[in-house]
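J.: Handing you this structure, nothing more for now.
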Amino acid sequence: MRWAPRGMCPACGGFEWRWHEVSGRGTVASWTVSHRSFQPGREAPYVVLLVRLAEASDVLMPGAWGGSAEGLSIGLPVHAEFEDLPTTDDGAWALLHWRPAG
């Protein structure tokens with residue numbers, strides 16, 4: 001499994017690849033608070049998580065947290081949710097949000 005997606009495998013140099021569906025579950029590996037918005041539809045400040053995916057512990061997936069950093073801890077179980085934003089001249093956007101696993 002490769003993240004971020006790219007044309008060539010960094011391990012073997014191969015150009016063949018396919019997408020792998022994952023559960024959207026993982027655990028918090030790190031987080032920070034962003035005081036500047038870099039995405040359409042995102043108001044600052046907001047918390048950004050790095051999440052270690054359940055199916056690929058070497059993959060760290062970034063995404064927004066729905067609340068404050070209070071109560072976050074390394075290893076906290078989370079799951080992914082996607083928010084579709086209105087289509088713009090730049091195309092369609094979806095924002096990844098991490099939520100507590102329940």
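The values are calculated or read from the model by the stated rules, or taken from the named source; none is laboratory data. Everything numeric here is computed off the predicted structure, so don't read it as measured data. Using ideal geometry, Cβ is built from the backbone for each residue, glycine included, and neighbour counts are taken over all protein chains shown.
J.: Kindly indicate which of Ser73, Ser34, Ser68 is more than 23 Å from Trp93 (Cβ to Cβ) and modelled with pLDDT under 95. Can you show your working first?
T.: On the way: Ser73 fails: modelled with pLDDT under 95; Ser34 fails: more than 23 Å from Trp93 (Cβ to Cβ).
Just a single option satisfies the conditions, and that option is Ser68.
J.: Can you find a residue that is among the small types (Gly, Ala, Ser) and under 20 Å from Glu21 (Cα atoms) anywhere in the stretch 69-82? Before you say what the answer is, go through the steps one by one.
T.: Kept after step one, since they are among the small types (Gly, Ala, Ser), are these residues of the stretch 69-82: 69, 71, 73, 75, 80.
Adding the requirement that they be under 20 Å from Glu21 (Cα atoms) leaves 80.
Yes, some residue in the stretch 69-82 is among the small types (Gly, Ala, Ser) and under 20 Å from Glu21 (Cα atoms).
J.: Collect the residues in the stretch 20-53 that are in contact (Cβ under 8 Å) with a residue 12 or more places away in the chain and of a type in the set (A, V, I, L, M, F, W, C), keeping them in residue-number order. First the steps, then the outcome.
T.: Restricting attention to the stretch 20-53, the residues satisfying the condition of being in contact (Cβ under 8 Å) with a residue 12 or more places away in the chain are 20, 22-34, 39-42, 45-53.
Residues satisfying the conditions are Val22, Val28, Ala29, Trp31, Val33, Val47, Val48, Leu49, Leu50, Val51, Leu53.
J.: What's the number of the only condition in (1) out of contact with any Ser or Thr (no Cβ under 9 Å at 6 or more places or on another chain); (2) closer than 16 Å to Leu96 by Cβ that Val51 fails to meet?
T.: (1)
J.: Related question: All but one of (1) surrounded by 15 or more Cβ atoms within 10 Å (Cβ to Cβ); (2) in a strand (DSSP E or B) hold for Ser30; state the number of the condition that does not hold.
T.: (1)
J.: Another one. When you scan the stretch 42-93, how many residues do you find that are part of a loop (DSSP other than H, G, I, E, B), surrounded by 11 or more Cβ atoms within 10 Å (Cβ to Cβ) and either among the hydroxyl-bearing types (Ser, Thr, Tyr) or in contact with an Asp or Glu (Cβ under 7 Å, 6 or more places away or on another chain) (or both)?
T.: 2
J.: Just the residues that are under 12 Å from Gly24 (Cα atoms) and of a type in the set (Gly, Ala, Ser), please, taken from the stretch 40-97.
T.: Matches in the stretch 40-97: Ala54, Ala56, Gly63, Ala80.
J.: Here's something else I'd like to know. Can you find, within the stretch 85-102, the residue that is nearest to the chain's Cα centre (by Cα) among those that are modelled with pLDDT of 80 or more and among the charged types (D, E, K, R)?
T.: Per the stated criteria, the residue is Arg99.
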